[in-house]
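Engineer: Here you go, one structure.
The values are calculated or read from the model by the stated rules, or taken from the named source; none is laboratory data. The structure displayed is predicted, hence computed values, not measured ones. Note that we place each Cβ from the backbone using ideal geometry, even for glycine, and neighbour counts take in every protein chain shown. The accessibility values were calculated without ligands, DNA or RNA, using every heavy atom of the protein model including side chains. Shrake-Rupley method; radii C 1.70, N 1.55, O 1.52, S 1.80 Å.
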Amino acid sequence: MPDLDQFTPPPSGLVDEDTGETIEPQPVPEWDEASRVAVVDAAEAAMTAFARPDLDYDTWWAGVEPLLTPKAAEDYAYVDPANIPVREVTGEGFIVNDASAYVATVEVPTDAGRYQLVLNRKHADAPWLVSRITPVEEVN
């Protein structure tokens, strides 16, 4: 019989086959008041950071990039802030879709009309990050 003390104990979580990293279980998010406040706050913060067309690119990007998902950061890395029509958030954001506790859509009023932001989180303790920022088309 082999001496089991000579072996390293198995990791406590799952092991990613591609990276070899241990993946620990994460808390499952729920839609509670704290989650609702957090997603609206994150959307307003992202829209406020985005709506600064007078800044040079590096300063603008330093404020926007940390609020985005990695994929959104790739997409928005080529935006010229001078082309953004929004200069300020003019009211409180509000949730328009909360079908999943991992994804929410929030509308934020601005001086250039309402903008819709899609936000995601990986688990209950993860921050809400923006994956999309788009103007809402007004129907007349």
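Engineer: Determine, yes or no, whether Thr110 is of a type outside the set (A, V, I, L, M, F, W, C), in a strand (DSSP E or B) and farther than 12 Å from Met47 by Cβ.
Structural biologist: For Thr110, the condition - of a type outside the set (A, V, I, L, M, F, W, C), in a strand (DSSP E or B) and farther than 12 Å from Met47 by Cβ - is not met.
Engineer: Another question about this same structure. Considering (1) open to solvent by 80 Å² or more (accessible area, probe 1.4 Å); (2) closer than 24 Å to Ala38 by Cβ, say which one Ala73 fails and leave the rest.
Structural biologist: Single failed check for Ala73: (1).
Engineer: State whether one or more residues within segment 26-35 are part of a helix (DSSP H, G or I) and under 17 Å from Lys122 (Cβ atoms).
Structural biologist: yes
Engineer: Can you find a residue in segment 60-82 that is part of a loop (DSSP other than H, G, I, E, B), out of contact with any Lys or Arg (no Cβ under 7 Å at 6 or more places or on another chain), small (Gly, Ala, Ser) and over 17 Å from Lys122 (Cα atoms)?
Structural biologist: Checked against the condition, which is being part of a loop (DSSP other than H, G, I, E, B), out of contact with any Lys or Arg (no Cβ under 7 Å at 6 or more places or on another chain), small (Gly, Ala, Ser) and over 17 Å from Lys122 (Cα atoms), segment 60-82 yields at least one hit.
Engineer: Name the one entry in Tyr115, Tyr102, Tyr57 that is of a type in the set (Phe, Trp, Tyr), open to solvent by 40 Å² or more (accessible area, probe 1.4 Å) and farther than 30 Å from Gln26 by Cα.
Structural biologist: Tyr57 is the lone residue from the list that is of a type in the set (Phe, Trp, Tyr), open to solvent by 40 Å² or more (accessible area, probe 1.4 Å) and farther than 30 Å from Gln26 by Cα.
Engineer: If I filter segment 76-99 down to residues being in contact (Cβ under 8 Å) with a residue 24 or more places away in the chain and within 16 Å of the chain's Cα centre (by Cα), which single residue comes out as surrounded by the most Cβ atoms within 10 Å (Cβ to Cβ)?
Structural biologist: This residue is Gly93.
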